[in-house]
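Note sheet for the following structure.
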Amino acid sequence: MNVIEDVLKASGIDDLNPVQKKALKTNFLRGCNLVVSAPTASGKTLIAEIASLNTINQGKKAVYIVPLRAIASEKYEEFRKKYEPLGVKVAISIGDFDKSDPWLAKFDLIIVTSEKFDSLLRHGINWVDKIGLVVADEIHLLNDPLRGPTLEIILTKLREIANPQILGLSATIKNYDEIAKWLDAEVVKSDFRPVKLYKGVCYDKKVFYQPKKDDLELSGEKNEIYEIVENTLKNKKQVIIFVSTRKAAEKISEEISKIVRQTLKASEIQELEKISLEIENVLDHPTKQCEKLAKSVRDGVAFHHAGIVNEQRQIIEKNFKNGLIKIIAATPTLAAGINMPAFRVIIKDIRRFSMGYGMDYIPVLEIQQMMGRCGRPKFDKEGEAIIIAKNKEDAEFIWNNYINGEPEEIKSKLGVETVLRMHVLALISSVPMISKNDLIKFFSKTFYAHQYKNLDNLKIRIENVLLVLENFGFIERVGKSKDSPFSKASSQDEIFKATIIGRRVSELYIDPLTANHIIQNLKNAKYINDINLLQLISNTIEMKPLLSLKKDDFDEINEFLIREGENLIQKPPNPWDLEYDDYLRSIKTALMFKDWIEEVGEDKLLEKFGITPGELRIRLETADWLLYATHELALLLVMKDFLKDIRKIRIRVKYGIKEELLPLIQLKGVGRVRSRILYNSNIKSLSDLRKIPIESLSRIIGPKIAMDIKNQLNQIDKNDTQKILEFYE
């Protein structure tokens, strides 16, 4: 089987482009490592597909690592459609961090996020030696403080235990050769782009381009963004506008919709009306944000940021790709790898708020990622990225820094103690025992060590982390090594092993600091209730950034502390302590969760706490995981009295329900709204559901759901019902 022909045929193209041809001149098809540094939309993914099929043909697995779940889902759908007809088994694994997903052993091409793959390695997957290729998509994210260290550890660990071929795909970066040297990889560096990119600066009623082309003249009668949008629509093209904040994205979307509406055909208006209703009714009760988004979409415009829910995001992206939505106003999250190009990109803001730095310039690499959305292959011969300058100084800075400047060097972010805590514990937990020198030897093979050479600072941090983990009771020293032909450790080297609870903390994929916080507070707890447990999990690293405090919040929180302070598991710190502000924020965050489980609507939560539906979903997912981890730690500590309460609260947080709805919520298709409707109709248990005639039930919740519930009840026998009752008692 000729893998190149198969990939070309599956992709519907006739020939390879210059970047891909350049890759074929290397030894990557013979198993050599390769780093490809080329612009967005230059065809890097096709190189990965060729390498993957080549590996699978040799009886090995290919693992494709991406930074975001949305990208993983996009790649999964694309690869499944293209390669399953060729007999390639494609899988995606992005969910539960406490599962080894043994079913993955049957698949050839596995798409994962870096965090999920790290979790799989911690759970000791038995197919790691079958991995022949690892694709690190967006490998320049080694520079990212959140995701970079995990990717770096994964690649270092895999080279140690399986030594697969590594293919790193990167945007154009300054020190690609340094990453390649670390990986012992060949390099493909190219500036080729299938759609020519013109970068422009808008200043003084003109857009000046690089490379040189005719300037775009503006009248100055309207805001420059509006004029550029009008010009784009006149040419029947689409635009993505990047702004620095969610509020700005919503504002510009609302304002620009008036311009776009006038250009729509009658058939488009009709279709957009349907999409608008779909977006508005994604939630059980539409929020003001849902209504605002639906109103914009009705006019062919959408805003796109982390505050919208996943279903809304998917609808927007699908209808932008098919040309129905003409304009998207987005925060930079859209630029991070999702395949959604437009003819023009307008970048309104070159500064954004950065924690600890205030307003700071956006890195060149990120601006290039935004610019990379320009030009739709097969539709456009060129694309334009236009940055808006506020004044002459801005224009000069943009021209020198973003148009003609080089992206920043990629720097390892591994040497931070918060990062090292998790990964040192994971390394110790993965083996029966390990010496300190072997730990340092492992870290000497990381990109951090390759880049900074001197490991003295890292050694000090590792020793500090070892002391912290030992004090937490997650690892223990088992003495010093003695000379032995079977030991890698040198004489008198300290040996460590993970305790039972330390191993479990590593598997649970939470920060050891969080685990210790939960354990110590549980030990001091007299009882568990919803608010004291919600405050406990809110005051964790994983939940940050916590909800910000407004002037009006202090009175409410102080009243709460006077009323409930003694009943909280974690007692308030001294008001002069540095931790006090975070503690107050954790109370506000817990009160938000408390309202959620008291069935307060998302529209009210948005109004009261300023939390958007998308942000709420992210926080609920984090809370669910922390509650699961709390349950598992309580189980290990034999705190049997707490387990049922923790389980109940976790289910309530998952569905946003009062405790009285717990017996009903277990049925599929019966969520927050339907369970409340049933309860208010005096149907409060499975027994009540069994007794009620299907005709009566149909009148309450509809015939289809009624029939489905009755079918489920028939499958639940009396023993199961008794177990369920015991669970909730």
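The values are calculated or read from the model by the stated rules, or taken from the named source; none is laboratory data. Everything numeric here is computed off the predicted structure, so don't read it as measured data. We place every Cβ from the backbone using ideal geometry, glycine too, and count neighbours over all the protein chains shown.
Among Lys523, Lys551, which is among the charged types (D, E, K, R), over 18 Å from Arg619 (Cα atoms) and modelled with pLDDT of 90 or more?
On the way: Lys551 fails: modelled with pLDDT of 90 or more.
On inspection, the qualifying residue turns out to be Lys523.
For the stretch 496-524, name all the residues that are surrounded by 19 or more Cβ atoms within 10 Å (Cβ to Cβ) and not in a helix (DSSP H, G or I).
Those that are surrounded by 19 or more Cβ atoms within 10 Å (Cβ to Cβ) and not in a helix (DSSP H, G or I): Phe496, Ala498, Tyr509, Ile510.
What pairs can you find where one residue is in the stretch 704-716 and assigned by TED's automatic domain parsing to the domain that holds Arg674 and touching a residue at least 12 places away in the same chain (Cβ under 8 Å), the other is of a type in the set (Gly, Ala, Ser) and surrounded by 15 or more Cβ atoms within 10 Å (Cβ to Cβ), and their Cβ atoms are less than 9 Å apart, with a gap of 6+ or different chains?
Correct list of pairs: Ile705/Ser698; Ala706/Ser698; Met707/Ser698.
Across the stretch 595-615, which residue is surrounded by the fewest Cβ atoms within 10 Å (Cβ to Cβ) among those that are modelled with pLDDT of 95 or more and under 25 Å from the mean Cα position of the chain (by Cα)?
So the residue we want is Ile597.
Of all residues in the stretch 559-587 being basic (Lys, Arg) and more than 17 Å from Leu522 (Cα to Cα), which is farthest from the chain's Cα centre (by Cα)?
First, the residues of the stretch 559-587 that are basic (Lys, Arg): 563, 571, 585.
Retained after the next criterion (residues that are more than 17 Å from Leu522 (Cα to Cα)): 563, 585.
On the way: Arg563: 38, Arg585: 23 Å.
Applying the filter and picking the extreme gives Arg563.
Do we find that Ile350 is crowded, with 23+ Cβ neighbours inside 10 Å, among the hydrophobic types (A, V, I, L, M, F, W, C) and either touching a Gly at 6+ places or on another chain (Cβ under 6 Å) or closer than 25 Å to Ala385 by Cα (or both) in this structure?
No.
Output the residue which, of all residues in the stretch 12-43 that are outside any loop (DSSP other than H, G, I, E, B) and of a type in the set (Val, Ile, Thr), is farthest from Ala385 (Cα to Cα). If you could, list the steps in order and put the result at the bottom.
Residues of the stretch 12-43 outside any loop (DSSP other than H, G, I, E, B): 18-24, 28-30, 34-37.
With of a type in the set (Val, Ile, Thr) added as a condition, the list becomes 19, 35-36.
Working: Val19: 22, Val35: 26, Val36: 23 Å.
The extreme case among them is Val35.
How many residues does the stretch 132-146 contain that are out of contact with any Gly (no Cβ under 8 Å at 6 or more places or on another chain) and either more than 19 Å from Thr45 (Cβ to Cβ) or assigned to a helix (DSSP H, G or I) (or both)?
Total meeting the criteria: 5.
Mind listing whichever residues of the stretch 525-547 are within 14 Å of Ile649 (Cβ to Cβ) and assigned to a helix (DSSP H, G or I)? Let's see the steps before the verdict.
Pass one, the stretch 525-547, residues within 14 Å of Ile649 (Cβ to Cβ): 525, 527-538.
Hits for the stretch 525-547 are Asp530, Ile531, Asn532, Leu533, Leu534, Gln535, Leu536, Ile537, Ser538.
For Ala171, only one of the following conditions fails: (1) at positive phi; (2) in contact with a helix residue (DSSP H, G or I) (Cβ under 7 Å, 6 or more places away or on another chain); (3) not polar (S, T, N, Q). What is its number?
(1)
Of these, Phe192, Phe117, which one is in a helix (DSSP H, G or I), of a type in the set (Phe, Trp, Tyr) and either over 16 Å from Ala51 (Cβ atoms) or not assigned by TED's automatic domain parsing to the domain that holds Arg373 (or both)? Working first, answer last.
On the way: Phe192 fails: in a helix (DSSP H, G or I).
Only one candidate qualifies: Phe117.
Restricting to the stretch 698-717, what's the tally of residues that are farther than 14 Å from Gln666 by Cα and not in a helix (DSSP H, G or I)?
Within the stretch 698-717, residues that are farther than 14 Å from Gln666 by Cα and not in a helix (DSSP H, G or I) number 2.
What residue, among those in the stretch 72-90 that are among the aliphatic types (A, V, I, L, M) and in a helix (DSSP H, G or I), is surrounded by the most Cβ atoms within 10 Å (Cβ to Cβ)?
Pass one, the stretch 72-90, residues among the aliphatic types (A, V, I, L, M): 72, 86, 88, 90.
Those still in the list that are in a helix (DSSP H, G or I) too: 72, 86.
Values: Ala72: 21, Leu86: 14.
Filtering first and then ranking leaves Ala72.
Output the residue which, of all residues in the stretch 377-413 that are small (Gly, Ala, Ser) and buried (at least 18 other Cβ atoms within 10 Å of the Cβ), is nearest to Lys174 (Cα to Cα).
Step one: list which residues in the stretch 377-413 are small (Gly, Ala, Ser), which gives 383, 385, 389, 395, 405, 412.
Restricting the remaining residues to those that are buried (at least 18 other Cβ atoms within 10 Å of the Cβ) gives 383, 385, 389, 395, 412.
Working: Gly383: 23, Ala385: 21, Ala389: 25, Ala395: 23, Ser412: 14 Å.
By that ranking, first place goes to Ser412.
In the same structural domain as Pro377 (by TED's automatic domain parsing), surrounded by fewer than 14 Cβ atoms within 10 Å (Cβ to Cβ), modelled with pLDDT of 90 or more and in a helix (DSSP H, G or I): is that true of Lys212 in this structure?
Values: in the same structural domain as Pro377 (by TED's automatic domain parsing): yes; surrounded by fewer than 14 Cβ atoms within 10 Å (Cβ to Cβ): yes; modelled with pLDDT of 90 or more: yes; in a helix (DSSP H, G or I): no.
No, not satisfied.
A quick yes/no check of all residues on (1) surrounded by fewer than 16 Cβ atoms within 10 Å (Cβ to Cβ); (2) in contact with a Pro (Cβ under 7 Å, 6 or more places away or on another chain); (3) assigned by TED's automatic domain parsing to the domain that holds Glu178; (4) more than 20 Å from Asp184 (Cα to Cα):
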{"residue": "Ala23", "(1), (2), (3), (4)": "no, no, yes, no"}
{"residue": "Thr26", "(1), (2), (3), (4)": "no, no, yes, no"}
{"residue": "Leu29", "(1), (2), (3), (4)": "no, no, yes, no"}
{"residue": "Asn33", "(1), (2), (3), (4)": "no, no, yes, no"}
{"residue": "Ala41", "(1), (2), (3), (4)": "no, yes, yes, yes"}
{"residue": "Lys44", "(1), (2), (3), (4)": "no, no, yes, no"}
{"residue": "Ile47", "(1), (2), (3), (4)": "no, no, yes, no"}
{"residue": "Ile50", "(1), (2), (3), (4)": "no, no, yes, yes"}
{"residue": "Ile56", "(1), (2), (3), (4)": "no, no, yes, yes"}
